[in-house]
Amino acid sequence: MKRIGRRHLPAVSNLLAFATAARLGSITLAAREMHLTQSAVSKQLSELEQFVGLKLLDRTTNGIVPTVAGKEYLRRVTRILDDLDDATADLMATRGETGSLNLSVVPSFASFWLLPRLSDFAKAHPDITLNITTRTGVPDLNEEGLDIAIVTNANPPARYGNDLVMGIEAYPVCAPSLVADRPVASLADVANLPLLHQSLFPDAWSEFLQAQGIEGSRFSAGPRYSILSLGFQAAVSGLGCALLPDYLTAQAIEQGTLVKLSDAYYRPQQCYYLLYSPDRIEAPGISAFRTWLLASIGQPLPT
């Protein structure tokens, strides 16, 4: 971590004037928003340009626009000011207690596994406000203002600390109506059903059936769904047979809206991982959520 000193640290007021004027394209509008005079804003802009030794804004007949150097500086300064504003707001709102936690989760895991269990976390940590967004892929925690993320990945990025949350074991399931008039006695019979595919593991059916000694050329045919929950709904609707994790299907099987066609399962390389910045692992909110999550799945906290 860099030591914060004065050599490369301009005044926050100068940065605010720069970010506001660049965003509004006008010193007059910036002065109005900041409740300052135009001369005061102009002075702060001049001080900043003198401090960095570069021209950051061009004055035109239509207002002001960032220079090439100013655009890149503005991007980074805006992010820093937003982080500073968020950090200060959290501190003021919580009086220095744990505060809020920004979490990104893959959609199906969020809906079917995490949300049904979050009341336990809320009871154990009433001082933590958990803000949840859903997305596929690996997010940039810093760029997206996230504290932690739960992702599906085969090889988590080395820049993040990670904990294995759970592997994926997917079983063939379908609506009872799909097999009402065609008994399924073996996986060979399953292979003859309409097959539903997941973008998360596009070759799942081919790999699964071939591993069971069943050969065929049509195993990749059929509709494809971008997230597991869509494949789940398609299976419940009777559109075909899907390979889905048991955490997703257990309740539907118990209720009779899905049937499990075999105990044989497909295990892809992808697993669910918790990601966090290594230098923030001891932050109270991150530490609390990490401890709770691993305890919920029966995993010991790594030392």
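Solvent-accessible area assigned to carbon and sulfur over segment 36-189 amounts to 52 percent, based on a 1.4 Å probe.
Heavy-atom accessible area with a 1.4 Å probe sorts Asp83, Asp163, Asp181, largest first, into Asp181, Asp83, Asp163. Gain on full extension, evaluated as 0.36 nm per residue between Asp189 and Ile297 minus their Cα-Cα distance, stands at 35.4 nm.
The candidate values were (1) 19.8; (2) 23.3; (3) 19.1; the one computed from these coordinates for Kirkwood radius over Cα pairs in Å carries the label (2). Applied to segment 157-173, the Karplus parametrisation 6.51 cos²θ - 1.76 cosθ + 1.60 on θ = phi - 60° returns per-residue 3J(HN,Hα) values of x, 5, 6, 10, x, 8, 10, 6, 8, 6, x, 10, 10, 9, 10, x, 9 Hz, with x for Gly and Pro. Here Thr37 sits with roughly 80 square angstrom of accessible surface, probe radius 1.4 Å. Distances between placed amide hydrogens fall under 5 Å for Glu169 paired with Asp246, all partners being 5 or more residues away or on another chain. With a 1.4 Å probe rolled over the protein heavy atoms of all chains, the accessible area of Arg32, Arg159, Arg59 falls in the order Arg32, Arg159, Arg59, largest first. Using a cut-off of 14 Å between alpha-carbon atoms, which aspartates and glutamates can reach Lys260, once sequence neighbours fewer than 8 places away in the same chain are excluded? Straight-line reach from Lys260, under 14 Å: Glu169, Asp189, Asp246. Solvent-accessible area of Lys55, all protein chains in place: 110 Å² (probe radius 1.4 Å, heavy atoms, ligands and nucleic acids excluded).
Starting from the Cα of Lys71, draw a straight line to each of the aspartates and glutamates and keep only those under 15 Å, dropping any in the same chain fewer than 8 residues away. Leaving aside aspartates and glutamates fewer than 8 places away in the same chain, those within reach of Lys71 are Glu49, Asp58. If a spin label sat at a point 7 angstrom from the Cα of Arg117 along the line to its beta carbon, the backbone N atoms of segment 241-256 nearer than 15 Å would be those of 246-251.
Counting only DSSP H runs of at least 4 residues, each contributing -39500 (n - 2.57), and dividing by the residue count of the chain, the helix-based mean residue ellipticity at 222 nm comes to -11500 deg cm²/dmol. For segment 177-185, the Karplus equation 6.51 cos²θ - 1.76 cosθ + 1.60, evaluated at θ = phi - 60°, returns couplings of 5, 5, 10, 4, 10, 9, x, 10, 9 Hz by residue, with Gly and Pro reported as x. Note on surface exposure: Leu244, Leu261 rank Leu261, Leu244 by accessible area, highest first, 1.4 Å probe.
Across segment 163-225, Cα pairs under 8 Å and at least six residues apart give a relative contact order of 33 percent. Largest mean-square fluctuation among Ile64, Ile132, Ile168, in a Gaussian network model of the chain whose springs join Cα atoms under 10 Å apart, belongs to Ile64. Of all aspartates and glutamates in the structure, the ones whose alpha carbon falls short of 18 Å from that of Lys55, not counting any fewer than 8 places away in one chain, are Glu47, Glu72. Model label points for Leu81 and Gln210, set 7 angstrom from Cα along the Cα-to-Cβ axis, are 5.6 nm apart. The relative contact order of segment 33-176, computed from alpha carbon pairs under 8 Å that lie at least 6 residues apart in sequence, is 18 percent. In the context of the full set of protein chains, residues of segment 207-303 present 52 Å² of accessible surface per residue (probe radius 1.4 Å, heavy atoms only).
The values are calculated or read from the model by the stated rules, or taken from the named source; none is laboratory data. Quick caveat, the model's predicted, so the values are computed rather than measured. All Cβ positions, even for glycine, are placed from backbone atoms using ideal geometry, and neighbour counts span all protein chains on display. Each accessible area value is taken on the protein alone, full model and side chains, heavy atoms only, with ligands, DNA and RNA left out. Shrake-Rupley method; radii C 1.70, N 1.55, O 1.52, S 1.80 Å.
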